[in-house]
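The values are calculated or read from the model by the stated rules, or taken from the named source; none is laboratory data. Please read these numbers as outputs of a predicted model, since none were measured by experiment. All Cβ positions, even for glycine, are placed from backbone atoms using ideal geometry, and neighbour counts span all protein chains on display. These area figures cover heavy atoms from the full protein model, side chains too; ligands, DNA and RNA do not enter into them. Shrake-Rupley method; radii C 1.70, N 1.55, O 1.52, S 1.80 Å.
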Amino acid sequence: MPSTLLLGKLAFVTGAGSGIGRAVAIRFAQEGATVIAADRNFQQAEETTKKLGSTHMPIEVDVTNGDNIKSVLEEAINRYKRPPSTIVNCAGITRDAFILKMEDSDFDLVLNVNLKGTYLVMKHAAQRMIDYKLGGSMINISSVTARMGNMGQCNYAPSKAAVDCLSRVASKEFARYGIRVNTVVPGFINTPMTHTVPDKVKDMITANVALRRFGEPEEISDTIAFLASDKSEYITGTSIEVSGGLA
Ligand code: NAD
């Protein structure tokens, strides 16, 4: 029997052209959702939807640009005659350097994509959901680096701590509209984002993971699918760490 956890849901997934976002798009489609795969890299988003079929839609978006987000949401409404009511914010970047060497522009860029991008997508998507009187579920992505305070990530780690806090604020503001907001906190996951981590550093990280390995994007999308589904109806304003027991 086909899986139907997300049957009938229209989902907007940012960062859907790679890694965790792509795994979310695939898992959602397997569970019966229709997916709008949004990414700054259109070609990559298109590659994702090619795996899913023509009812799904690739779309180019820069999450740092509010007007751009508004227009892609309109495009989605034109096509599907309703706004997406399942929103997953996976778009994210790193620009690592020690504080003393950090380019101020890289500090701003990471905050802009990871934090402001999440805020802008939630804001504009929530407005459309409210206009159409649709409840729904929003899932944002933090990181274990937020609690660890990873060296070399003075931009990334605080941006992810702030995403967690932003989600809790949004969960309180949006609850009256039937919109739930939660955060998933991945540990170290095998995606293009972590492919550049040197093997020596990977070994050091793995030594601190109870399950002694990096996670796979599909292991994050399982939790996101649960939070997107009606099985998590009474869960909002919280975060779930999926890190294999990282100390
Ligand atoms: P990834 O680099 O594989 O994918 C990120 C995607 O975001 C890319 O397709 C990229 O084009 C897109 N993107 C970047 N900037 C964008 C913008 N301005 N607008 C729209 N799209 C944009 O990374 P990933 O590992 O899949 O990461 C997904 C999320 O999970 C990120 O928020 C990341 O911070 C978070 N995360 C990842 C890990 C990990 O170990 N991989 C751990 C914790 C949290």
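The table for this structure:
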quantity	calculated
Residue match in the range 200-213 (condition: open to solvent by 40 Å² or more (accessible area, probe 1.4 Å), within 16 Å of the chain's Cα centre (by Cα) and more than 21 Å from Ile20 (Cα to Cα))	no
Selected residue (only one of Lys9, Lys70, Lys101 is of a type in the set (Lys, Arg) and farther than 26 Å from Tyr156 by Cα)	Lys9
From the options Met151, Met122, residue that is closer than 23 Å to Phe226 by Cα and touching a residue at least 12 places away in the same chain (Cβ under 8 Å)	Met122
Selection within the range 7-32 - closer than 24 Å to Ile189 by Cα, touching a strand residue (DSSP E or B) at 6+ places or on another chain (Cβ under 7 Å) and either open to solvent by 30 Å² or more (accessible area, probe 1.4 Å) or not polar (S, T, N, Q) (or both)	Ala11, Phe12, Val13, Gly15, Ala16, Gly17, Ile20, Gly21, Val24, Ala25, Phe28, Ala29
